[in-house]
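Enquirer: The structure that follows is given in the form of structure tokens.
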Amino acid sequence: GQVVYSIAEGTEHGASVGNIAKDLGIDADTLSARKFRMITGSSKQYFNINASTGALSVNEPIDREQLCELKSACLLNYELVLENPLELYRMEFKVLDVNDNSPSFPLSEYHINMPEFLSAGARFTLPNAQDLDEGTNSVQNYTLSPDEHFHLEMQTRGDGSKYPELVLKKALDREQQAIHRLVLTAKDGGDPPKSGDIPVIVTVLDTNDNAPEFGHSVYRVSILENSPSGTLVVQVHATDLDEGPNAEIRYSFSNATSADLQQMFSIHPQTGEVTVNGVLAIQRPLLEMLIEARDNGAFGMSGTAKLLVEITDVNNHSPEITITSLSSPIPESAVPGTVIALLSIMDKDPGENGKVTCQIPDNLPFQLKPSLESYYSLVTSGLLDRELISGYNITITATDLGSPPITTQKTLWVQISDVNDNPPVFSADTFDVFVEENNPLGAFLYQVSASDPDMGENGRVSYMLRNSTVAGSALASLLSVSLSNGSIYAKCAFDFEQLRSFYFQVEAKDNGSPALSAAITVNVYISDQNDNAPAILYPTNQNGSIAVEVVPRLADEDYLVTKVVADDEDNAQNAWLSYHLTHSSDPTLFHLAPHSGELRTTRSMRSTDFLKHKVVVVVRDHGDPPLSSTVTVGILLADTLPQALPDFDDSGEPPPLLNATNIYLIVSLACVSSIFAAFLLFLAIVQL
């Protein structure tokens, strides 16, 4: 927004100018909270804003002539900056002229030498008065004190400017009056009007009746502002119709030309060449000087011409980048269009040299938007992600339109703050865990791990079990998980024969607000241990008695006596069973198949075979270490099933020939026989 005020120069301190809050539609109660401040390029603070009411008042009286010199329009530009949210308003103050300056002449008195032989109508240039006021408050007319020989006329130059001339209306007679004292009065158009006087002393001479005349009443030239000393600006030329010394002309700057311009330029008195005499350190684009040509006659006459010098700007100022406001860090959740900074970009050169273009690199999620004159807003143009880029170095490049252009760069560091926008992530969707049965209580099973790219509390992950049941029991009774590191522990001993596998879910949750979570499924597979011995299903020994199988008395070879059937609750090789015959009353009569458990006859039965036999079968698994079970089977050789089964505690089989007792007896008998034979041999030898 923009608001324009008008204020007369010299307005007293504290005078009200307006109410900025009402004029801009701002709530005055929020000015202090929004950290308002006024920004201006002026070295003085001419205005104040009341933070409570928004009233705008004069802080220091303004001198329009000191502030704006000879400019026709005197403007003061202020910017009002408010924060939360960031807003910028422009205030323009038009300083109105007050008739506070009287016309003045550059000299305390003005002398004119007039030859006495001049006829009526002769003209003499009078000095121009200067009035620092503008418009109607500047010089409007001139008056001359009454005199019978002179009157005043106004003349117009080629550029439209007016100047007073003294016109002779009656011939002079030096012998009657050698000096005429007149008073030239300049009046402005103020209300009330002000005036200034200068004595005009006319000395009547007897010589030189022609004044030099310039070829042009106005000379217009342009030079570069960086022109070095000695640069030729223009050569003026005037002619004098007189002859001899009265026609020799000397050039100089008129006393009406300001002293600073006379120091900045020099004019050659004989050639009329105007050159640069120093540095053109001036801000006005158009300089005005009066050049006087005076002849060398005894009564030197002069003519004047106006020299207008236009200073052509050279692009010698680089753009200036000022950071008025900067918000950093900004959250990564900032929407496109969020204002990050307010920039002021100025170039002191006028015209095209002072126009500036501003840009930032295209590969950034930011853009520059022009605000008020010479202001830009840096806003976001895309989505931000701190996990990808945590901060940006934004290089602002300002280039003017001069030839050659001048570029200025300034770098801003904008930091991105974290927002909890990432849930924890596991490395896989499921995990498989293998555990042996009969594990100890508190055994470590597995450690799940989730990562969260957010920072601080937003990235701190905790773990928990999701409620569920396993085989009718609550999951919490079987497992526990570490809240901090995701380690999973067993709270009971697993039994493969009761529970072979199950699954559950672990939830990872961050500590952000609101918290984000993710879950993973863990499959638990319980591996078997050889903790069950084979169970013999058939034949069985009931109540301690031996199982009896009846075989025909004359059974053939490979006759199936019985089949031992066993089972093992373990799994895999722990349940692989093999059958072994560890004892048989007649090893030559029976054999046992190791894999099927079939007990068969090795040969055909004979009538000489004992009727009762007893075998012991061992069933062994393939675990590590292996477990086994035994069963004793009694075998009765009979063609019919007897009414009562015999006792198999004594199988009826003959005692073995070489049992331990028999061996002892045989050895003893052999020793006694040897001793007796040796004794008989000894007796025989003695008798012989």
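Enquirer: Too long at a 28 Å Cα-Cα cut-off: which of Lys71/Lys194; Lys44/Lys71; Lys22/Lys355; Lys162/Lys348?
Expert: Among Lys71/Lys194; Lys44/Lys71; Lys22/Lys355; Lys162/Lys348, the Cα-Cα distance tops 28 Å for Lys22/Lys355; Lys162/Lys348.
Enquirer: How many angstrom lie between the C-alpha centres of the stretch 581-630 and the stretch 149-181?
Expert: Result: 164 Å between the Cα centres.
Enquirer: Please list, in order along the stretch 158-164, the HN-Hα scalar couplings obtained from phi with the Karplus expression 6.51 cos²θ - 1.76 cosθ + 1.60 (θ = phi - 60°), rounded to whole Hz, x for Gly and Pro.
Expert: So the J values, rounded to whole Hz, are x, 8, x, 6, 10, 8, x.
Enquirer: Give me the Debye-computed log₁₀ of I(q)/I(0) at q = 0.13, 0.18, 0.23 Å⁻¹ for the stretch 2-96, equal point scatterers on Cα only, no solvent, two decimals.
Expert: -0.43, -0.79, -1.23
Enquirer: Another one. Kindly provide the chymotrypsin sites (Phe, Trp or Tyr not before Pro) of the stretch 182-280 that DSSP labels as loop, not H, G, I, E or B, and whose Cβ sees at most 11 other Cβ atoms within 10 Å.
Expert: none
Enquirer: If you rank Asp432, Asp528 by how much accessible surface each has, with a 1.4 Å probe, what is the order from largest down?
Expert: Asp432, Asp528
Enquirer: As an exercise, find the ratio Rg/Rh for the stretch 266-330 from alpha-carbon atoms, using the Kirkwood inverse-distance average for Rh.
Expert: When Rh is taken as the Kirkwood radius, the ratio is 1.37.
Enquirer: Same structure again: Mind putting together the pair-distance distribution for the stretch 425-527? All Cα pairs, 5 Å bins, whole percent per bin, short to long.
Expert: For the stretch 425-527, the pair-distance distribution reads 3, 13, 23, 24, 16, 11, 6, 4, 1, 0.
Enquirer: Over the Cα atoms, compute the radius of gyration (one decimal) and Dmax (the largest Cα-Cα distance, rounded to a whole number) for the stretch 110-205, in Å.
Expert: Cα-based Rg and Dmax for the stretch 110-205 come out at 14.5, 46 Å.
Enquirer: In addition: Using the heavy atoms of the protein chains and a 1.4 angstrom probe, tell me the accessible area per residue for the chain in square angstrom.
Expert: Normalised by residue count, the accessible surface of the chain is 53 Å².
Enquirer: Here is a further query. Averaging sequence separations of C-alpha pairs under 8 Å and six or more residues apart, then dividing by the length of the chain, give the relative contact order as a whole percent.
Expert: Worked out over the chain, it gives 6 percent.
Enquirer: Run the Debye formula on the Cα coordinates of the chain, all scatterers equal and no solvent, and tell me log10 I(q)/I(0) at q = 0.09 1/Å.
Expert: These q points yield log10 I(q)/I(0) values of -1.02.
Enquirer: Which three extents, in whole angstrom, do the alpha-carbon atoms of the stretch 213-312 cover along their principal axes, largest first?
Expert: The principal-axis extents, from largest down, are 42, 21, 20 Å.
Enquirer: With +1 on the Cβ of every Lys and Arg and -1 on the Cβ of every Asp and Glu, and nothing else charged, how large is the dipole of the chain about its Cα centre, in debye rounded to the nearest 20?
Expert: Charge dipole, the chain, about its Cα centre: 1080 debye, nearest 20.
Enquirer: Tell me what the chain gives for mean residue ellipticity at 222 nm when only DSSP H runs of n ≥ 4 count, each as -39,500 (n - 2.57), the sum divided by the residue total, rounded to 500 deg cm²/dmol.
Expert: Roughly -2000 deg cm²/dmol at 222 nm, from the helical runs in the chain.
Enquirer: On a full-extension model of 0.36 nm per residue, what is the gain between Asp362 and Val335, subtracting their alpha-carbon distance, rounded to one decimal in nm?
Expert: Computed gain between Asp362 and Val335 is 7.9 nm.
Enquirer: In the chain, carbon and sulfur make up what percent of the accessible area (probe 1.4 Å)?
Expert: Whole-percent figure for carbon plus sulfur exposure: 51.
Enquirer: Now for a separate question. Please label the shape of the stretch 535-637 as rounded, prolate or oblate, based on the square roots a ≥ b ≥ c of the eigenvalues of the alpha-carbon gyration tensor (a/c under 1.5 means rounded; beyond that, a/b larger than b/c means prolate, else oblate).
Expert: Because a/c hits 1.5 or more and a/b exceeds b/c, the stretch 535-637 counts as prolate.
Enquirer: Further question: What length, rounded to one decimal in nm, is gained on full extension from His622 through to Ala670, with 0.36 nm per residue of separation minus their alpha-carbon distance?
Expert: Net length gain for the segment: 12.4 nm.
Enquirer: Now for a separate question. Compute the convex hull volume of the Cα atoms of the stretch 320-417, divide it by the residue count, and report the result per residue in Å³ as a whole number.
Expert: 84 Å³
Enquirer: Continuing with this model, one more query. For the stretch 437-514, which GluC sites (Glu not before Pro) pass both filters: DSSP loop (anything but H, G, I, E, B) and at most 16 other C-beta atoms within 10 Å?
Expert: Glu497
The values are calculated or read from the model by the stated rules, or taken from the named source; none is laboratory data. Remember, it's a predicted structure, so these values are computed and weren't measured experimentally. As a convention, Cβ positions derive from the backbone with ideal geometry for all residues, glycine included, and neighbour counts pool all protein chains shown. Side chains included, ligands, DNA and RNA excluded: accessible areas come from the protein's heavy atoms. Shrake-Rupley method; radii C 1.70, N 1.55, O 1.52, S 1.80 Å.
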